[in-house]
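Student: Could you have a look at this structure, given as structure tokens, before my questions?
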Amino acid sequence: MTRRRGWRETRLNTHGEAYEDFISAAYIAAIRLGTPTRAGLVHGDMDDEAVTVATEELVARGLLASTDDPDAWEVVPPRDALPRYAEAVERRMQTTRMTAGEVDALWRRAVGERPTLAASDLDVIDGTEAVAYRIASVHRSATLRVWWAVDGSPAGRQLLAEAVADPGRLAVRDGVERRLALDTSLLDDPAAMAFVDQLRADGHPVVFGHGVPFSLVVVDSVTAVVDLTTFDRDGGSFEVRLAPPVRAITRLFEAIWALATPYWPGLLEAPRTPDRLPLAERDQRILALLTTGASDQVIARLMAVSVRTVERRVRYLMDRLGAATRFQAGVQAARRDWI
């Protein structure tokens, strides 16, 4: 058997790792040529069909670039091409791991077995650093959507600060839908608000709600990370990839989203035209913050006044608006265009 016939058999009769070996050998041969051509690769003991298959694959992987000559290629500098290709492979592997539970459940239903939660469907995550790393990883793996609710957990606060310093920390691909729901306790967190401004500038919606029960992330409806570092910094958080619990966590996020208040850039600023409303500037700001569900303590910190002052002004505003609850006060104020 000649080596050339061996190349042909590698192309036609092998798969998996053997095929990867074939592509790797073709890539090394192309690099050694400097400017690879069909004639040069054939001369190096590849047959014409093997050259076609290998070069098409290497171009698809971004390792070679086509030229005006269909029988000549350019080698993309490996220092740039290989890390990009490795990142693409890592994303595919992450997606494979995330969908393993769903695919297994589909197979079990097909063969008449009841889907169960296997060890591969659930990863327990120990420690704040590990939780932050996992949330950042699933952000980068998303292809459709990332929905993130943050209750002010240590891991969440750490990630928000890191994302302000390094926007790539929580980067997502172009076209991925992002939603961010924050607990009102984060209204006076500078890093959280800076991250909110970044998302808003990119056109993504942000809401604030009072009493987000715990932090969670749902990615592409196939995986969810539950961040419980608020309750235990060292353990208890987890990532799940089985459809029923992911759907349940998704529904919880949707409930948080529906009950929260959209954030707008002027929420924490003094009104620009205070004379047009029958309220003092301070009361307008209190009303605006009430609509987010912010507690008296948060409002007091944001406005640099005492909690007792806030409580007194809230009671006054509720009486003036004829509202029985703080939420009703916010609704009545919005209806009257006071905020």
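The values are calculated or read from the model by the stated rules, or taken from the named source; none is laboratory data. These figures come from a predicted structure and were not determined experimentally. Cβ coordinates were reconstructed from backbone atoms using ideal geometry, including for glycine residues, and neighbour counts include every protein chain displayed. The area values use the complete protein model at the heavy-atom level, side chains included, leaving out ligands, DNA and RNA. Shrake-Rupley method; radii C 1.70, N 1.55, O 1.52, S 1.80 Å.
Student: Efficiency by 1/(1 + (r/R0)^6): what FRET value for L144 and I31, r their Cβ-Cβ distance, R0 = 25 Å, to the nearest 0.05? Intermediate values should be presented prior to the final figure.
Tutor: On the way: r = 36 Å, r/R0 = 1.46.
About 0.10, to the nearest 0.05.
Student: Could you list the trypsin sites (Lys or Arg not before Pro) in the stretch 169-216 that lie in coil according to DSSP, counting only those with at most 15 other Cβ atoms within 10 Å of their Cβ? All intermediate terms of the calculation are to be shown ahead of the outcome.
Tutor: On the way: sites: R169, R173, R178, R179, R200; in loops: R173.
Answer by residue number: R173.
Student: What's the extension gain from E74 to R173 if we count 0.36 nm per residue and subtract their Cα-Cα distance?
Tutor: Values: separation 99, 0.36 × 99 = 35.64 nm, distance 2.73 nm.
Between E74 and R173, full extension yields an extra 32.9 nm.
Student: Starting from 0.36 nm per residue, how many nanometres of slack lie between D234 and A258 once their C-alpha separation is accounted for? Mind dumping the intermediate values first?
Tutor: Numbers: separation 24, 0.36 × 24 = 8.64 nm, distance 3.13 nm.
Contour length minus Cα-Cα distance gives 5.5 nm.
Student: How big is the stretch 117-269 on each of its three principal axes, counting only the C-alpha atoms and giving the largest first in Å?
Tutor: 50, 31, 30
Student: Using a 1.4 angstrom probe on the protein heavy atoms only, line up D188, D319, D21, D174 by accessible area, largest first.
Tutor: Working: D188 55, D319 125, D21 100, D174 155 Å².
Result of the area sort, largest leading: D174, D319, D21, D188.
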